[in-house]
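Report on the following structure.
Bear in mind that the values in this text are calculations on the coordinates, not laboratory data. Since this is a predicted model, take the numbers as computed values, not measurements. As a convention, Cβ positions derive from the backbone with ideal geometry for all residues, glycine included, and neighbour counts pool all protein chains shown.
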């Protein structure tokens with residue numbers, strides 16, 4: 001990325017994206033996850049939307065066989081709708097499509113353990129959760 | 001001997017035997033019964049609405065015919081075809097030897113058939129009403145008939161309908177045979193109302209009496225509407241107002257159709273709520289207090305509390321999978337004709353998504369006429 005491009009991108013995200021995408025609860029969650037991530041790994045240097053995308057799209061062999069990936073139910077495009085195994089529609093995960101996403105700590109506490117267990121076969125780390133949120137906020 | 005094949009329009013005098021109301025009654029009844037048979041035996045279940053309406057039509061026609069049997073014109077009156085067993089037997093014996101005597105109105109054998117058809121139709125309407133009320137919780141008897149009554153009526157309704165079909169075949173055959181024997185087109189007679197007058201002209205032919213007929217019809221309509229209104233005020237048996245449960249709707253409804261609690265017995269709900277960490281292969285863990293609150297509500301409103309068709313049926317579980325609604329014997333039987341691909345299509349999203357096809361799934365009633373299969377699409 002050239003310095004100009006970087007500046008442009010930064011400017012755009014500051015002027016265009018931020019007003020809709022900042023939310024005190026969500027930012028607080030991210031801050032809390034960052035603090036925890038640092039505790040878990042001293043070398044932690046911030047969340048990455050790209051790592052979040054990779055996590056979202058990765059296929060795991062460690063969870064339930066019928067749900068190898070987040071995309072199994074949520075769909076490949078986070079801006080699109082998903083469908084549960086039982087046929088219920090799932091609203092888009094991208095914050096741009098639903099600004100209220102990730103603004104209820106109780107929902108985050110409920111869904112992260114459930115879905116990480118389901119897909120990865122284990123709890124997610126604070127960094128993984130932060131990456132995921134950062135990716136969804138960027139979408 | 002005179003030519004026996006005297007055409008209707010020849011010199012032989014004719015008499016209007018079947019008055020217009022009786023002819024209308026006959027052919028409207030043919031239409032209603034045909035609709036009832038097609039919708040009952042051949043059409044998909046969601047034609048139940050048309051089936052019920054054809055039943056109500058038969059009921060209304062029977063009501064009219066009862067009145068017309070007393071104040072209609074001569075040959076519509078019950079008295080004109082109330083033959084004793086002796087006469088009926090004599091006529092039947094004559095028929096065996098392919099002899100018949102020309103009757104102006106109903107012949108004795110024909111009259112016996114009419115009475116049998118009328119009794120069967122009344123039985124079909126009665127059993128249908130009890131069935132609709134008890135099994136489907138619909139119609140005027142929903143507030144009286146229990147599911148058990150409905151099932152008893154169901155055991156009658158089908159065989160009665162088969163018997164009716166047999167009698168209709170006998171009726172048509174009888175008309176055709178008699179038409180040959182007496183050399184008169186009796187089907188045409190039920191359209192034009194006219195028959196050849198071969199017997200000496202009857203004396204004291206009574207004509208229709210419109211005023212008593214209209215009065216009786218008015219009384220019947222008022223009494224009928226009144227009793228229907230009174231019956232409609234009764235709450236359906238075994239159905240309760242179920243207060244909305246927002247926690248259940250949100251937590252359980254997030255992943256799947258929020259099943260009506262009447263669809264499983266209490267023991268199954270208990271099992272479901274105790275195993276949320278592995279909920280049919282999904283991690284559906286909930287905070288303990290929330291899970292307990294939902295369990296209390298589900299168990300309090302489980303199948304045992306309801307008398308709907310679904311609640312009664314789903315109390316019989318699959319012993320191997322007692323927690324799964326879609327494994328119950330009744331569910332499996334009712335859905336076995338649907339190809340797997342139908343369930344897999346996106347608009348359905350799996351067998352657990354009841355409301356993809358059952359528009360009233362949220363009520364737990366699952367009425368036949370509320371079924372609509374989504375358009376068939378590729379995956």
Between 0 and 90°, nearest 10: helix B:288-300 axis offset from chain B longest Cα axis: 20
For chain B, what is the calculated [θ] at 222 nm in deg cm²/dmol (nearest 500), taking -39500 (n - 2.57) for each run of four or more DSSP H residues and dividing by its residue count? -16500 deg cm²/dmol
Give me the angle, in degrees from 0 to 90, between the Cα long axis of helix B:108-134 and the longest principal axis of the Cα atoms of chain B, rounded to the nearest 10. 20
Rounded to whole Å and sorted largest first, what semi-axes of the equivalent ellipsoid does the C-alpha gyration tensor of region B:246-370 yield via the square root of 5 times each eigenvalue? 22, 17, 14
Kindly express, to the nearest 10 degrees and within the range 0 to 90, the angle between helix B:48-71's C-alpha long axis and the longest C-alpha principal axis of chain B. 30
May I ask you to give the average projected area over all directions of the convex hull of the Cα atoms of the protein assembly as shown, in nm² rounded to one decimal? 37.2
Taking 7 Å along the Cα-to-C-beta vector as the label spot, tell me the residue B:204-residue B:344 distance in nanometres, rounded to one decimal. 7.9
Shape of region A:23-138 from its Cα gyration tensor (a ≥ b ≥ c, root eigenvalues): rounded if a/c is under 1.5, otherwise prolate when a/b > b/c, or oblate? oblate
How far apart, in nm, are two points set 7 Å out from the Cα along the Cα-to-Cβ line at residue B:98 and at residue A:50? 10.0
